[in-house]
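So the structure is just underneath, and the comments pick up after that.
The values are calculated or read from the model by the stated rules, or taken from the named source; none is laboratory data. Bear in mind the structure is a predicted one, so any value in this text is a computation, not a measurement. Neighbour counts are summed over all protein chains in view; Cβ atoms, including those assigned to glycine, are modelled from backbone coordinates with ideal geometry. Protein only, heavy atoms only, side chains kept; ligands, DNA and RNA dropped before computing areas. Shrake-Rupley method; radii C 1.70, N 1.55, O 1.52, S 1.80 Å.
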Amino acid sequence: MLLAVRDLRVLIGGRHILHGVDLDVARHGVTALLGRNGAGKTTTVRGILGLVPRAGSVRLDGEETVALPTHAVVGRGIGYAPEDRGIFAGLTVAENLRLAERRGAGEPAYALVHELFPELKQRARQLAGTLSGGQQQMVAIGRTLLNTNRLVIADEPTKGLAPRVVTEVTQVLERAAEAVPVLLVEQNLAVVRRLAGRCVVLADGRTAHHGPAEALLGDAEAARRLLGVGHGPAAHASSPTAEAES
Ligand SMILES: Nc1ncnc2c1ncn2[C@@H]1O[C@H](COP(=O)(O)OP(=O)(O)OP(=O)(O)O)[C@@H](O)[C@H]1O
């Protein structure tokens, strides 16, 4: 396993948000992190990165990272595209990318980022705050691919995007995952179906299920119970969040 999370617990403001998350990320491809709203997906990601106080075990390539500060965790080779995209609105696209360059993470891979997202090259001098939601997401993902990472974590990269842009972002994630394993938080099950080999489902701050993504998505009863989606075709449909581009 590339990443092995065991009994991850997070306590914020006296409230237990995570009670024991177990999660494995394979060395290849996309592992999806699923669960209903509020199940603890984002907190799990933030726990892995050390952005919230946590206990338990988080091993990256066999090395324990749970006691490390965030910069040290990231420095071991984790790229992170947060849910809010973390874009500096008042800086240009080029400046946003440059800020993501990490020392010691190899030569920044601008050629790859510009190949995957030609628009980012064309819009290099545009203020990031004036980009569409989809373009901002491209900056957020582009930043994770700039450095040589062992793992990329993307938190709901298709949320709020128009269907056409969801397709575009999905294609890029698919290509990115050929180069680096991806842990993908995703509500859009069509995207999960397309990208993910395995999935982990959280419920109420715990791991409720893990296994092949195809098996879960093909089991209408399990998908309904674990994810709250309807029977049959509903498990194939885009989530309601994929309607309008922000
Ligand atoms: N900093 C915080 N302080 C207090 N409660 C929090 C904090 N962060 C998260 N929570 C709570 O913890 C629970 C899990 O939140 P989290 O954002 O991890 O869920 P999620 O599965 O990512 O949900 P969503 O799909 O809505 O993003 C929620 O009930 C949320 O309100």
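Worth pointing out:
- Residues that are over 13 Å from residue 207 (Cβ atoms) and assigned to a strand (DSSP E or B), drawn from region 33-74: 54, 55, 57, 58, 59, 60, 63, 64
- Which listed residue, of 158, 144, 167, is among the hydroxyl-bearing types (Ser, Thr, Tyr) and either at positive phi or surrounded by fewer than 20 Cβ atoms within 10 Å (Cβ to Cβ) (or both): 167
- Hits in region 75-101 - residues which are assigned to a loop (DSSP other than H, G, I, E, B) and open to solvent by less than 40 Å² (accessible area, probe 1.4 Å): 77, 82, 85, 86, 87
- Among the candidates 36, 76, 9, 15, residue that is at pLDDT 95 or above and either more than 16 Å from the ligand (Cβ to nearest atom) or out of contact with any Asp or Glu (no Cβ under 6 Å at 6 or more places or on another chain) (or both): 9
- The listed residues are 66, 45, 25, and the only one of them that is β-branched (Val, Ile, Thr) and either at positive phi or within 13 Å of the ligand (Cβ to nearest atom) (or both) turns out to be 45.
- Any hit, region 213-222, residues being buried (at least 16 other Cβ atoms within 10 Å of the Cβ), touching a residue at least 24 places away in the same chain (Cβ under 8 Å) and either under 20 Å from residue 61 (Cα atoms) or among the β-branched types (Val, Ile, Thr) (or both): no
- The set of residues in region 169-193 being under 16 Å from residue 33 (Cβ atoms) and not polar (S, T, N, Q) consists of 173, 177, 181, 182, 183, 184, 185, 186, 189, 191, 192, 193.
- Top-ranked residue of region 132-157 - restricted to ones that are under 23 Å from residue 62 (Cβ atoms) and of a type in the set (Val, Ile, Thr), ranked as farthest from the ligand (Cβ to nearest atom): 148
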